[in-house]
Amino acid sequence: MIWKGTIGETEAPASLRSGTSRLATRPPGTKVAVVNPRLQLDPAICHGKPVIRGTRVLVSTILGALGGGDSIEAVLEDYPNITRQDVEAAREFIVLDVNP
């Protein structure tokens, strides 16, 4: 299985290819997209929707909160496992997605 992203692609880490990951297993040769080091597009995590790396926090959730009027500080309070840089990466992602 090949997974291509908006910007590029990369081979899944060995722990994921070998099936030793706690989160999900993938067939050998599965690729995951690399858009920004802080974001992840992986077919085994949230059905391939973009998330903050190492979490299951969807980029769309962050953007929805910001679009709904929440401040970055409010988002960080709601999701204490992400950083301000993660929120900025989510904001940059939407620009890349709209302006390929």
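Tell me, what HN-Hα J-couplings in whole Hz come from the Karplus equation 6.51 cos²θ - 1.76 cosθ + 1.60 at θ = phi - 60° for each residue of the stretch 67-84, using x for Gly and Pro?
Karplus-based 3J(HN,Hα) across the stretch 67-84 equals x, x, x, 5, 7, 4, 4, 5, 5, 5, 5, 6, 10, x, 8, 10, 10, 4 Hz.
Using θ = phi - 60° and the Karplus form 6.51 cos²θ - 1.76 cosθ + 1.60, what ³J(HN,Hα) does each residue of the stretch 48-53 get, whole Hz, x for Gly and Pro?
x, 6, x, 10, 6, 3
Bear in mind these aren't lab numbers, they're just calculated from the coordinates by the rules spelled out. Since we're looking at a predicted model, the values are computed, not measured.
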